[in-house]
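The values are calculated or read from the model by the stated rules, or taken from the named source; none is laboratory data. Just so it is clear, the model here is predicted, and its values are computed rather than measured. Please note: Cβ atoms are built from the backbone with ideal geometry, for glycine as well, and neighbour counts cover all protein chains shown. Protein only, heavy atoms only, side chains kept; ligands, DNA and RNA dropped before computing areas. Shrake-Rupley method; radii C 1.70, N 1.55, O 1.52, S 1.80 Å.
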Amino acid sequence: MRISSILQDDKVRLSCEVFPPKKFDGIAQVCQVTREIAALKPAYMSVTYGAAGSTPGHTLAVAKAVQESGVTPLCHLTCVQSTKEHVTQVLSDMKAAGMENVLALRGDLPASGEPCRDFAYASELVEFIHTQGDFDVGAACYPEGHPECESRIKDLEHLKRKVDAGVDFLTTQMFFDNGILYNFLYRCLRAGIDVPVCAGIMPICDPRQVKRAVQLSGSIMPPRFAAIADRFAHDPEAMAQAGIAYATEQIIDLVANGITNIHLYTMNKPWIARKIVENLSSIIHMG
Ligand code: FAD
(Lines give C-alpha, C1' and ligand atoms only; values in the text may rest on other atoms or scores of the structure.)
Protein backbone atom coordinates (compact mmCIF):
# COMPACT_ATOMS: atom_id res chain seq x y z
CA MET A 1 0.00 0.00 0.00
CA ARG A 2 1.14 3.54 -0.65
CA ILE A 3 1.97 5.57 2.42
CA SER A 4 0.34 8.71 1.02
CA SER A 5 -2.95 6.85 0.92
CA ILE A 6 -2.43 5.51 4.47
CA LEU A 7 -1.84 9.08 5.71
CA GLN A 8 -4.88 10.51 3.92
CA ASP A 9 -7.41 10.71 6.77
CA ASP A 10 -7.23 12.12 10.29
CA LYS A 11 -6.98 8.77 12.08
CA VAL A 12 -4.29 8.67 14.78
CA ARG A 13 -1.68 6.12 13.74
CA LEU A 14 1.68 4.75 14.77
CA SER A 15 4.47 3.59 12.47
CA CYS A 16 7.67 1.86 13.60
CA GLU A 17 11.28 1.75 12.43
CA VAL A 18 13.78 -1.10 12.33
CA PHE A 19 17.37 -1.20 11.14
CA PRO A 20 19.04 -4.03 9.20
CA PRO A 21 22.11 -5.86 10.49
CA LYS A 22 25.59 -4.89 9.32
CA LYS A 23 26.47 -8.50 8.60
CA PHE A 24 24.51 -10.94 6.47
CA ASP A 25 24.36 -13.57 9.21
CA GLY A 26 22.31 -11.18 11.39
CA ILE A 27 19.40 -11.01 8.94
CA ALA A 28 17.37 -13.92 10.36
CA GLN A 29 17.47 -12.40 13.85
CA VAL A 30 16.47 -8.92 12.65
CA CYS A 31 13.64 -10.42 10.55
CA GLN A 32 12.35 -12.18 13.69
CA VAL A 33 12.40 -8.91 15.65
CA THR A 34 10.70 -7.22 12.69
CA ARG A 35 7.90 -9.81 12.67
CA GLU A 36 7.35 -9.28 16.41
CA ILE A 37 6.96 -5.53 15.91
CA ALA A 38 4.80 -6.10 12.81
CA ALA A 39 2.46 -8.28 14.93
CA LEU A 40 1.43 -5.05 16.73
CA LYS A 41 -0.03 -3.91 13.38
CA PRO A 42 1.58 -0.49 12.93
CA ALA A 43 0.35 1.62 10.00
CA TYR A 44 3.66 0.94 8.22
CA MET A 45 7.24 0.03 9.10
CA SER A 46 10.35 1.74 7.81
CA VAL A 47 13.67 -0.05 7.33
CA THR A 48 16.81 2.08 7.47
CA TYR A 49 19.67 2.01 4.98
CA GLY A 50 23.13 1.07 6.24
CA ALA A 51 25.50 4.00 6.79
CA ALA A 52 27.34 4.89 3.55
CA GLY A 53 24.91 2.67 1.61
CA SER A 54 26.93 -0.40 2.43
CA THR A 55 24.18 -3.01 2.70
CA PRO A 56 21.22 -2.31 0.37
CA GLY A 57 20.37 -6.03 0.14
CA HIS A 58 19.91 -6.16 3.91
CA THR A 59 17.37 -3.31 3.85
CA LEU A 60 15.39 -5.11 1.17
CA ALA A 61 15.53 -8.47 2.99
CA VAL A 62 14.11 -6.89 6.15
CA ALA A 63 11.52 -4.89 4.14
CA LYS A 64 10.33 -8.18 2.63
CA ALA A 65 9.84 -9.58 6.16
CA VAL A 66 7.67 -6.52 6.90
CA GLN A 67 5.65 -7.11 3.73
CA GLU A 68 5.20 -10.82 4.45
CA SER A 69 3.83 -9.88 7.88
CA GLY A 70 1.03 -7.94 6.20
CA VAL A 71 2.41 -4.48 7.06
CA THR A 72 3.35 -1.82 4.49
CA PRO A 73 7.15 -1.40 4.22
CA LEU A 74 9.01 1.86 3.66
CA CYS A 75 12.59 1.37 2.39
CA HIS A 76 15.15 4.05 3.25
CA LEU A 77 17.70 4.89 0.55
CA THR A 78 20.73 7.18 0.84
CA CYS A 79 22.62 8.73 -2.06
CA VAL A 80 25.64 10.82 -1.07
CA GLN A 81 28.18 8.06 -1.47
CA SER A 82 26.41 6.44 -4.40
CA THR A 83 26.18 6.68 -8.18
CA LYS A 84 23.10 6.96 -10.41
CA GLU A 85 23.88 3.50 -11.73
CA HIS A 86 23.89 1.97 -8.25
CA VAL A 87 20.71 3.78 -7.18
CA THR A 88 18.99 2.62 -10.38
CA GLN A 89 19.88 -0.98 -9.51
CA VAL A 90 18.66 -0.65 -5.90
CA LEU A 91 15.34 0.87 -7.07
CA SER A 92 14.93 -1.84 -9.69
CA ASP A 93 15.41 -4.53 -6.98
CA MET A 94 12.88 -2.75 -4.77
CA LYS A 95 10.36 -2.59 -7.60
CA ALA A 96 10.85 -6.29 -8.42
CA ALA A 97 10.14 -7.09 -4.76
CA GLY A 98 6.89 -5.07 -4.86
CA MET A 99 8.13 -2.12 -2.78
CA GLU A 100 6.09 1.04 -3.37
CA ASN A 101 7.53 3.47 -0.80
CA VAL A 102 11.02 4.98 -0.50
CA LEU A 103 12.42 7.42 2.09
CA ALA A 104 14.92 9.48 0.09
CA LEU A 105 17.93 10.59 2.13
CA ARG A 106 21.26 12.18 1.48
CA GLY A 107 23.06 10.18 4.18
CA ASP A 108 25.85 11.51 6.35
CA LEU A 109 28.88 13.00 4.62
CA PRO A 110 31.91 10.70 4.58
CA ALA A 111 34.40 11.52 7.34
CA SER A 112 37.28 11.46 4.86
CA GLY A 113 35.86 14.49 3.03
CA GLU A 114 35.69 12.42 -0.16
CA PRO A 115 33.76 14.39 -2.83
CA CYS A 116 30.10 13.51 -3.46
CA ARG A 117 29.46 11.35 -6.48
CA ASP A 118 26.26 11.82 -8.49
CA PHE A 119 24.07 13.32 -5.75
CA ALA A 120 24.82 16.23 -3.43
CA TYR A 121 21.43 16.55 -1.68
CA ALA A 122 18.39 14.41 -0.98
CA SER A 123 16.27 16.68 -3.24
CA GLU A 124 18.29 15.37 -6.23
CA LEU A 125 17.55 11.80 -5.16
CA VAL A 126 13.84 12.62 -4.84
CA GLU A 127 13.79 13.85 -8.45
CA PHE A 128 15.80 10.87 -9.64
CA ILE A 129 13.51 8.31 -7.94
CA HIS A 130 10.53 9.74 -9.82
CA THR A 131 12.33 9.07 -13.13
CA GLN A 132 12.79 5.42 -12.15
CA GLY A 133 9.25 4.33 -11.32
CA ASP A 134 5.98 5.06 -9.65
CA PHE A 135 7.12 5.22 -6.01
CA ASP A 136 5.70 7.18 -3.09
CA VAL A 137 8.64 9.26 -1.87
CA GLY A 138 9.19 10.41 1.69
CA ALA A 139 12.02 12.54 3.11
CA ALA A 140 13.57 13.59 6.42
CA CYS A 141 13.09 16.91 8.21
CA TYR A 142 14.64 18.47 11.28
CA PRO A 143 12.44 20.44 13.72
CA GLU A 144 15.59 21.86 15.36
CA GLY A 145 17.33 22.44 12.01
CA HIS A 146 19.81 20.07 10.36
CA PRO A 147 23.08 20.23 12.34
CA GLU A 148 25.13 21.18 9.23
CA CYS A 149 22.92 24.08 8.21
CA GLU A 150 23.87 27.63 9.19
CA SER A 151 20.32 28.57 10.21
CA ARG A 152 16.87 27.10 10.63
CA ILE A 153 15.56 29.62 8.08
CA LYS A 154 17.96 28.33 5.41
CA ASP A 155 17.23 24.72 6.38
CA LEU A 156 13.51 25.36 5.88
CA GLU A 157 14.18 26.88 2.44
CA HIS A 158 16.12 23.72 1.53
CA LEU A 159 13.26 21.58 2.88
CA LYS A 160 10.74 23.48 0.75
CA ARG A 161 12.93 22.84 -2.31
CA LYS A 162 13.12 19.13 -1.42
CA VAL A 163 9.34 18.84 -0.95
CA ASP A 164 8.74 20.65 -4.25
CA ALA A 165 11.00 18.10 -5.97
CA GLY A 166 8.25 15.52 -5.31
CA VAL A 167 8.03 14.52 -1.63
CA ASP A 168 4.76 12.90 -0.54
CA PHE A 169 5.37 12.90 3.23
CA LEU A 170 8.03 13.82 5.79
CA THR A 171 9.39 12.11 8.91
CA THR A 172 11.01 14.22 11.59
CA GLN A 173 14.27 13.66 13.36
CA MET A 174 13.67 12.66 16.99
CA PHE A 175 12.86 15.50 19.39
CA PHE A 176 12.27 15.53 23.15
CA ASP A 177 10.36 18.79 23.53
CA ASN A 178 7.00 18.92 21.73
CA GLY A 179 7.06 22.72 21.67
CA ILE A 180 9.89 22.45 19.12
CA LEU A 181 7.69 20.36 16.82
CA TYR A 182 4.71 22.71 17.11
CA ASN A 183 6.95 25.67 16.24
CA PHE A 184 8.41 23.75 13.28
CA LEU A 185 4.97 22.79 11.92
CA TYR A 186 3.88 26.42 12.11
CA ARG A 187 6.99 27.50 10.18
CA CYS A 188 6.40 24.71 7.60
CA LEU A 189 2.86 25.91 6.95
CA ARG A 190 4.05 29.51 6.57
CA ALA A 191 6.69 28.29 4.09
CA GLY A 192 4.00 26.49 2.05
CA ILE A 193 5.08 22.96 3.09
CA ASP A 194 1.80 21.10 3.44
CA VAL A 195 2.61 17.38 3.02
CA PRO A 196 1.87 15.09 6.01
CA VAL A 197 4.59 15.19 8.69
CA CYS A 198 5.18 12.08 10.84
CA ALA A 199 6.51 13.00 14.29
CA GLY A 200 9.59 10.92 15.19
CA ILE A 201 9.64 9.75 18.83
CA MET A 202 12.57 7.88 20.32
CA PRO A 203 11.90 6.22 23.69
CA ILE A 204 15.27 6.42 25.47
CA CYS A 205 15.44 3.27 27.57
CA ASP A 206 19.16 2.63 27.74
CA PRO A 207 21.38 5.06 29.66
CA ARG A 208 24.05 4.72 26.94
CA GLN A 209 21.54 6.04 24.39
CA VAL A 210 21.07 9.39 26.10
CA LYS A 211 24.31 11.10 25.06
CA ARG A 212 24.45 9.34 21.70
CA ALA A 213 20.91 10.36 20.74
CA VAL A 214 21.65 13.99 21.50
CA GLN A 215 24.97 13.90 19.61
CA LEU A 216 23.47 12.20 16.56
CA SER A 217 20.35 14.27 16.28
CA GLY A 218 21.60 17.59 17.60
CA SER A 219 18.42 17.60 19.71
CA ILE A 220 18.00 19.77 22.74
CA MET A 221 17.57 17.71 25.90
CA PRO A 222 14.84 19.45 27.94
CA PRO A 223 15.66 19.87 31.65
CA ARG A 224 12.80 17.51 32.58
CA PHE A 225 14.38 14.71 30.55
CA ALA A 226 17.93 15.58 31.64
CA ALA A 227 16.80 15.16 35.28
CA ILE A 228 15.37 11.72 34.46
CA ALA A 229 18.59 10.68 32.73
CA ASP A 230 20.71 11.95 35.67
CA ARG A 231 18.57 10.17 38.25
CA PHE A 232 18.13 6.81 36.51
CA ALA A 233 21.14 6.39 34.21
CA HIS A 234 22.76 3.97 36.67
CA ASP A 235 19.69 1.77 36.96
CA PRO A 236 18.82 0.23 33.57
CA GLU A 237 15.37 -1.03 34.60
CA ALA A 238 14.35 2.30 36.11
CA MET A 239 15.71 4.14 33.04
CA ALA A 240 13.70 1.88 30.73
CA GLN A 241 10.52 2.51 32.70
CA ALA A 242 11.12 6.26 32.82
CA GLY A 243 12.04 6.39 29.10
CA ILE A 244 8.83 4.60 28.11
CA ALA A 245 6.77 6.86 30.39
CA TYR A 246 8.40 9.99 28.91
CA ALA A 247 7.78 8.88 25.30
CA THR A 248 4.20 7.88 26.19
CA GLU A 249 3.52 11.32 27.67
CA GLN A 250 5.11 12.99 24.64
CA ILE A 251 2.78 11.05 22.32
CA ILE A 252 -0.32 11.80 24.42
CA ASP A 253 0.49 15.52 24.28
CA LEU A 254 1.07 15.32 20.49
CA VAL A 255 -2.26 13.58 19.90
CA ALA A 256 -4.06 16.00 22.24
CA ASN A 257 -2.69 18.83 20.10
CA GLY A 258 -3.90 17.39 16.81
CA ILE A 259 -0.86 15.43 15.59
CA THR A 260 -2.06 12.21 13.98
CA ASN A 261 1.06 10.49 12.62
CA ILE A 262 3.57 9.20 15.16
CA HIS A 263 6.74 7.42 14.01
CA LEU A 264 8.38 5.34 16.72
CA TYR A 265 12.13 4.76 16.60
CA THR A 266 11.85 1.28 18.09
CA MET A 267 15.57 0.41 17.79
CA ASN A 268 14.79 -3.27 17.00
CA LYS A 269 13.29 -3.72 20.46
CA PRO A 270 9.80 -5.25 20.24
CA TRP A 271 9.22 -4.84 23.99
CA ILE A 272 9.56 -1.06 23.66
CA ALA A 273 6.98 -0.93 20.88
CA ARG A 274 4.70 -3.30 22.81
CA LYS A 275 4.83 -1.22 26.01
CA ILE A 276 4.07 2.01 24.16
CA VAL A 277 1.19 0.40 22.28
CA GLU A 278 -0.22 -0.99 25.56
CA ASN A 279 0.06 2.41 27.24
CA LEU A 280 -1.81 4.06 24.36
CA SER A 281 -4.36 1.33 23.62
CA SER A 282 -7.36 3.67 23.82
CA ILE A 283 -5.57 6.57 22.11
CA ILE A 284 -3.99 4.91 19.08
CA HIS A 285 -5.87 2.13 17.36
CA MET A 286 -3.51 -0.28 15.66
CA GLY A 287 -4.36 -2.42 12.63
P1 FAD B 1 19.35 16.85 2.80
O2 FAD B 1 17.90 17.09 2.73
O3 FAD B 1 20.10 16.76 1.52
O4 FAD B 1 20.00 17.98 3.72
C5 FAD B 1 21.35 17.87 4.16
C6 FAD B 1 21.92 19.25 4.46
O7 FAD B 1 22.09 19.97 3.23
C8 FAD B 1 21.01 20.12 5.33
O9 FAD B 1 21.84 20.89 6.17
C10 FAD B 1 20.28 21.03 4.32
O11 FAD B 1 19.89 22.26 4.89
C12 FAD B 1 21.38 21.21 3.27
N13 FAD B 1 20.86 21.44 1.91
C14 FAD B 1 19.85 20.78 1.30
N15 FAD B 1 19.69 21.25 0.04
C16 FAD B 1 20.62 22.23 -0.15
C17 FAD B 1 20.98 23.08 -1.23
N18 FAD B 1 20.31 23.03 -2.40
N19 FAD B 1 22.01 23.96 -1.06
C20 FAD B 1 22.70 24.01 0.11
N21 FAD B 1 22.40 23.22 1.17
C22 FAD B 1 21.38 22.33 1.05
N23 FAD B 1 20.95 8.01 7.46
C24 FAD B 1 21.33 6.82 6.92
O25 FAD B 1 22.52 6.63 6.60
N26 FAD B 1 20.41 5.82 6.71
C27 FAD B 1 19.10 5.96 7.04
O28 FAD B 1 18.30 5.04 6.83
C29 FAD B 1 18.66 7.20 7.61
N30 FAD B 1 17.36 7.41 7.92
C31 FAD B 1 16.96 8.62 8.42
C32 FAD B 1 15.59 8.84 8.70
C33 FAD B 1 15.16 10.05 9.23
C34 FAD B 1 13.68 10.27 9.49
C35 FAD B 1 16.10 11.08 9.51
C36 FAD B 1 15.65 12.37 10.11
C37 FAD B 1 17.46 10.89 9.22
C38 FAD B 1 17.91 9.67 8.67
N39 FAD B 1 19.24 9.44 8.35
C40 FAD B 1 19.64 8.22 7.81
C41 FAD B 1 20.26 10.47 8.62
C42 FAD B 1 20.43 11.42 7.41
O43 FAD B 1 20.98 10.71 6.32
C44 FAD B 1 21.35 12.57 7.84
O45 FAD B 1 20.71 13.37 8.78
C46 FAD B 1 21.94 13.40 6.73
O47 FAD B 1 22.98 14.20 7.29
C48 FAD B 1 20.98 14.34 6.02
O49 FAD B 1 20.11 13.68 5.22
P50 FAD B 1 18.89 14.45 4.48
O51 FAD B 1 18.25 13.48 3.59
O52 FAD B 1 18.05 15.13 5.47
O53 FAD B 1 19.72 15.52 3.62
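With all protein chains in place and ligands, DNA and RNA left out, the 1.4 Å accessible area ranks H86, H234 as H234, H86, largest first. Between the beta carbons of A226 and K22, assuming R0 = 30 Å, the FRET efficiency works out to 0.45 to the nearest 0.05. Counting only protein heavy atoms and a 1.4 Å probe, the stretch 5-97 has 44 square angstrom of accessible area per residue. Placing +1 on the Cβ of every Lys and Arg and -1 on the Cβ of every Asp and Glu, with no other charges, gives the chain a dipole of roughly 320 debye about its Cα centre. Relative contact order for the chain: 21 percent, from Cα pairs under 8 Å spaced at least 6 residues apart, divided by residue count.
Comparing D230, D194, D155 in a Gaussian network model of the chain (Cα springs below 10 Å), the most mobile by mean-square fluctuation is D230.
Among the listed pairs K64/K275; K23/K275; K11/K95; K22/K64, a Cα-Cα separation exceeding 21 Å is found for K64/K275; K23/K275; K11/K95. With θ taken as phi - 60° and the Karplus curve 6.51 cos²θ - 1.76 cosθ + 1.60 applied, the whole-hertz 3J(HN,Hα) list for the stretch 48-58 is 6, 10, x, 3, 6, x, 6, 9, x, x, 6 Hz, x standing for glycine and proline.
Rounded to whole numbers, the Karplus 3J(HN,Hα) couplings from phi for the stretch 74-87 are 10, 8, 6, 8, 9, 10, 5, 10, 10, 10, 4, 4, 5, 4 Hz, using 6.51 cos²θ - 1.76 cosθ + 1.60 with θ = phi - 60°, and x at Gly and Pro.
Roll a 1.4 angstrom probe over the protein heavy atoms and tell me the percent of accessible area of the chain that is carbon or sulfur.
Numbers: 7160 of 13580 Å².
The nonpolar share, carbon plus sulfur, comes to 53 percent.
Rolling a 1.4 Å probe over the protein heavy atoms gives the stretch 136-226 an accessible area of 47 Å² per residue.
Over the chain, with a single point scatterer placed on each C-alpha, what log10 of the ratio I(q)/I(0) does the Debye formula yield at q = 0.16 1/Å? For the requested q values the scattering log ratios are -1.42.
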